[in-house]
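To start, the structure itself, in structure tokens.
The values are calculated or read from the model by the stated rules, or taken from the named source; none is laboratory data. Fair warning: this is a prediction, and the values are worked out from it, not measured in the lab. With ideal geometry, Cβ positions are generated from the backbone for all residues, glycine too; neighbour counts draw on all protein chains shown. When the accessible area is computed, the model is the full protein with side chains, heavy atoms only, and any ligands, DNA or RNA have been set aside. Shrake-Rupley method; radii C 1.70, N 1.55, O 1.52, S 1.80 Å.
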Amino acid sequence: MKGLCIQLSHHNSILFHSRRSTRTAYKNPTKFSIPYFSVSSSSSFPKISCIASTPLTTEVEEKLTFDVDEARLLVKELQNVFKSGKTKSYEWRVSQLKSIAKMLEEREKDITEALHKDLEKPELEAFISEISTSKSSCQHALQELQHWMAPEKVKTSITSYPSSAEIVSEPLGVVLVISTWNFPFLLSLDPVIGAISAGNAVVLKPSEVAPGTSSLLARLFEKYLDNSAIRVVEGAVPETTALLEQKWNKILYTGSARVGRIVMAAAAKHLTPVILELGGKCPAVVDSNLNLQVASRRIIAGKWALNNGQACIAIDYIITTKDFAPTLIDSLRRELEQSFGQNPLETRDVSRIVNKYHFSRLLKLLDEDKVSDKIVLGGQSNEDQLRIAPTILLDVPDDTEIMKEEIFGPFLPIVTVEKIEDSFDVINSRPQPLVAYLFTNNDQLKKDYVQNVSSGGMLVNDTVLHVTVDGLPFGGVGESGMGSYHGKFSFDGFSHKKSVMYRGFEPDASVRYPPYTPQKQRLLKALLSGKILAIIQALIGWF
Amino acid sequence: MDSPRNLQGDLESLRLYFRCGRTKEASWRKTQIKGLLNFIKENEGDIMKALKQDLGKHRAEAYRDEIGTLIKSLNYALNSLKAWMSPKKVKLPAVAVLTTAELLPEPLGLVLIVSAWNFPFGLSLEPLIGALAAGNTAVLKPSELAPACSSLLANTMTSYLDGNAVKVVEGGPSVGEQLLQERWDKIFFTGNARVGRIVMSAAVKYLTPVALELGGKCPAVLDSLSFSFDREVAVKRILVGKFGTCAGQACITIDYVLVEKKFLPKAVELMKAITTKMFGENPRETNTVARIVNRRHFLRLKNLLDDPTVKASIVYGGKTDEENLFIEPTILVDPPLEAEIMTEEIFGPLLPIITLENIEDSIEFIKARPRPLTIYAFTKSKTLERKLVSETSSGSLVFNDAIIQYAADTIPFGGVGESGIGRYHGKFSFDTFSHEKAVARRSFLVDFWFRFPPWNDYKLQLFREAYNFDYLGVIFVVLGLKKPKSDSHVV
């Protein structure tokens, strides 16, 4: 099978699967002057263009775009490979996962570089939130795969006695993963690991908004993985549209609710099940009764140290009491200075804003009349470097864009309430968020929060950490998405749970068959209600 | 709610009622399930009557497939509710000291259940049990094609339930369409793939998750069994799974049978004999076979038979009675594979037998078609069994019996591909109507200081050790006994 590394022209600059989609002109990110970072755009790879070894790739080279015909061909090829049964075997799955682990080991430097190119992500942040998380996800899958794949034996009821039953996990077929730009590596690799673990053929469409990572993924997949069953298609709107027109056996999409709807509508035509990983405004309720320093640091870790707030699980806004707000702000100010220094625009320990479009989108949020005078900290920006300082706002009115839309950037509005319990209503009056955070030492408040607030996930007294727990599903509810993944949930998400029942030919109760007699009805009643005495009575009465 | 005229208002009050939290209480859920149980038990006679009226189902069939099965499911839910509702503790890696995590099932909100006419009680109540057990408020739309059953559900069942939380909306496609315009937290649909697509497309508007219980052509592989006892049992189970299950008008009924050429004469002979023995010379009069639901479906089925090449393949039955909407149990041998009877889901008492050179060819035959809801196989061969499990794909796979998987609470019921999305029955129903909230709790006491910026090589090294679960390494780095890697290329 040839490698299909399609060099696509990024002629279309509409951010199809970006968090917010609109016209933008993203420039080559290497233009930013980064004194201490020597970007070698050619990296250690020779520039790979298409290997014109087959008619398909030649055609691609001629057209320079990936259209519906190519998409159809691609899916057909992968369907055939899937049908051959190759991807189903344990050995194949393990070999691919091992290759991913090897790739992560050998190419850490390239990955870090690509992430720096796309987002100026600090090396350590790249390591924590993308590389090591991918690694542990891959290792976890390798460790557990045999266990996951084993059929689950289940008990059967007296009605069908004697019989045995099991639930068998089988791959769905050819699946599509559409990834996004904010954690372009992790959010591509993590679902792909799930798809491979479950034995599917998979196509990954990385985000064109993080072009460095996108092309790196294309090259790495070609080099490390079995290209007959695992492919990368790079591109923007036209390519994604072409892909979505095909019949997939599952689609996992990460991005905005708006595009999530487009994906689901396309999936409905083929009755394709979808996992939608969306976002929303994730609140953090901060009580006054806590270890303020630790809480402030963890808030920073869940906002600015998390891709500068450009994360679906980043804290969007804080709710705290009127009385406590000044204390909290002081503490955040102190800890921010500790983390990022006196001049936060200079620090390279924070990611930059991904592109011009998002930069101006964010500044517009601050420009609103009712918003700009609410800034209590930060607010500075540098357009040339796409940098915005950590910014805290206090008591911004609800009817402003910043309080209506997901912020996805370094602004942190603080909403104040009289009593901390009032925060429940603030959260519940909005769409269900992907995560709801709470900081408190009050056990009753913890309990009430868990009971009364609905969100995809919930984390008490910390931020972000819950996504690193393989035992917890990651996914939203309502506007924040449907379906979940991570660890075994990824495997399950890309598997079909087939119920298999085994029966012998004997004994056979004639009670089930017509002609129907009153005795049969009596016995049937007894059998279905599971009452042993009634069964015996009916049997005695019958014979 | 008699007419959906005040639909919006009714739905708003259902949503408000959900928000007040009453439906989340375990005691409330229990009361509702008990209510459903009482409804079934106290109205057994009326339910049988309605099923007779709408579908001509025999009382025994009504009991076996709907009343009895529901009583079993309701009891199962009552006994399991507490276990289903309790949060699941999650194991955490050692790196997360002083952290606890659990999965907490929470109700989704207001859900819509669109049911079908062939098992009007079973297909309405099975999902409703799940919805109420999970603590949701619900709207049920039964099928207008089984009007007596629909009205029994709307008028009688509702009086056994909390009317603030459950509404039954009766009506046809236009009412269904109206309902689909509204905002739901889950839509559970049973029916065909065409409408399934409409439902899923409508769900896009509010990003509503859907469960689609569709159908498809469920094959039965009948191996050349050598013992006459086995043969007889197998054929009996096939025939009752076809003609004895709402006259083949069921999503899990056997659509067609695959046999080896050399086994065909024996199989046909046995099928003919047992059909006559089981269903009698005049199955309409003895009421051992249900009737066709309505004229449209009757004509659709008659049309399938009217194809001359198909007609020529009839080996048993074939008589149709338009006045009584009755079609005899009919067996066909090798109708053309491109005839409609072999390309569309039959959904009626017509049973084509397709012959193959070799019974193993059945795997390719099945794989060449859309994934069915169920595959049945009657065989004693372990090799064939293994091959079927690993090589074919379907919602469920049942060996040596038919239909019983519907009554099993411990295995999921649901399709894959064209046969549906999502699953239910037993705990799976509860899960379908729940959101599993991931909850993690941390203490303030322990913190890895290296989690926070400003970043440096030292912190990076600590992370490396921590992620490799090398705690000794962490300690060494902290004590200065291990040097951070200095090959860093960034700083």
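Could you please give the count of residues in segment B:400-416 that are farther than 14 Å from B:THR69 by Cβ and more than 7 Å from chain A (Cβ to nearest Cβ)? Residues meeting the conditions: 3. Listed by position, the helices (runs of 4 or more DSSP H) contained in segment B:347-441 that have at least 2 residues being among the charged types (D, E, K, R) and in contact with a strand residue (DSSP E or B) (Cβ under 7 Å, 6 or more places away or on another chain) form an empty set.
Screening A:SER164, A:SER136 for residues that are touching a residue at least 40 places away in the same chain (Cβ under 8 Å), closer than 30 Å to B:ARG64 by Cα, within 10 Å of another protein chain (Cβ to nearest Cβ) and not basic (Lys, Arg) leaves exactly one candidate, A:SER164. Please determine, by comparing only the residues of segment B:157-182 that are surrounded by 16 or more Cβ atoms within 10 Å (Cβ to Cβ) and part of a loop (DSSP other than H, G, I, E, B), which one is nearest to the other protein chains (Cβ to nearest Cβ). If we take residues in segment B:157-182 being surrounded by 16 or more Cβ atoms within 10 Å (Cβ to Cβ) and part of a loop (DSSP other than H, G, I, E, B), then B:GLU182 is nearest to the other protein chains (Cβ to nearest Cβ). Taken together, A:SER372, A:SER360 contain a single residue that is open to solvent by 50 Å² or more (accessible area, probe 1.4 Å), without any contact (Cβ under 8 Å) to a residue 60 or more places away in the chain and under 19 Å from A:ARG333 (Cα atoms), which is A:SER372.
For the residues B:ILE366, B:ILE346, B:ILE375, B:ILE359, the requirement of being more than 10 Å from chain A (Cβ to nearest Cβ), within 13 Å of B:TYR256 (Cβ to Cβ), surrounded by 19 or more Cβ atoms within 10 Å (Cβ to Cβ) and in contact with a helix residue (DSSP H, G or I) (Cβ under 7 Å, 6 or more places away or on another chain) singles out B:ILE346. None of B:LEU299, B:LEU264, B:LEU304 is at pLDDT 95 or above, part of a helix (DSSP H, G or I) and within 12 Å of B:LEU350 (Cβ to Cβ) except B:LEU304. Scan segment B:189-227 for residues that are outside any helix (DSSP H, G or I), over 25 Å from B:LEU350 (Cβ atoms) and out of contact with any Lys or Arg (no Cβ under 6 Å at 6 or more places or on another chain) and report the count. Residues that pass the stated criteria total 8. Taking the criterion of being in contact with a helix residue (DSSP H, G or I) (Cβ under 6 Å, 6 or more places away or on another chain) and within 30 Å of B:SER390 (Cα to Cα), the residues of segment A:94-123 that qualify are A:GLN96, A:LEU97, A:SER99, A:ILE100, A:ALA101.
One line per residue, one yes/no per condition, for (1) open to solvent by 10 Å² or more (accessible area, probe 1.4 Å); (2) within 13 Å of chain A (Cβ to nearest Cβ); (3) assigned to a helix (DSSP H, G or I):
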site	(1), (2), (3)
B:LEU7	no, no, yes
B:ARG15	yes, yes, yes
B:TRP28	no, no, yes
B:ILE33	no, no, yes
B:LEU37	yes, yes, yes
B:ILE47	no, no, yes
B:GLN53	yes, no, yes
B:TYR63	yes, yes, yes
B:LEU78	yes, yes, yes
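Entry remark, segment A:304-320: residues being in a loop (DSSP other than H, G, I, E, B), of a type outside the set (A, V, I, L, M) and out of contact with any Phe, Trp or Tyr (no Cβ under 9 Å at 6 or more places or on another chain) number 0 in total.
On the stretch given as segment A:402-420, residues that are outside any loop (DSSP other than H, G, I, E, B), modelled with pLDDT of 95 or more and open to solvent by 10 Å² or more (accessible area, probe 1.4 Å) total 4. In segment B:378-412, what count of residues is obtained for those that are open to solvent by 10 Å² or more (accessible area, probe 1.4 Å) and either in the same structural domain as B:MET200 (by TED's automatic domain parsing) or not polar (S, T, N, Q) (or both)? Residues flagged as open to solvent by 10 Å² or more (accessible area, probe 1.4 Å) and either in the same structural domain as B:MET200 (by TED's automatic domain parsing) or not polar (S, T, N, Q) (or both) within segment B:378-412 amount to 12. Only residues that are within 14 Å of another protein chain (Cβ to nearest Cβ), open to solvent by 10 Å² or more (accessible area, probe 1.4 Å) and within 26 Å of the chain's Cα centre (by Cα) were counted across segment A:307-341, and they come to 1.
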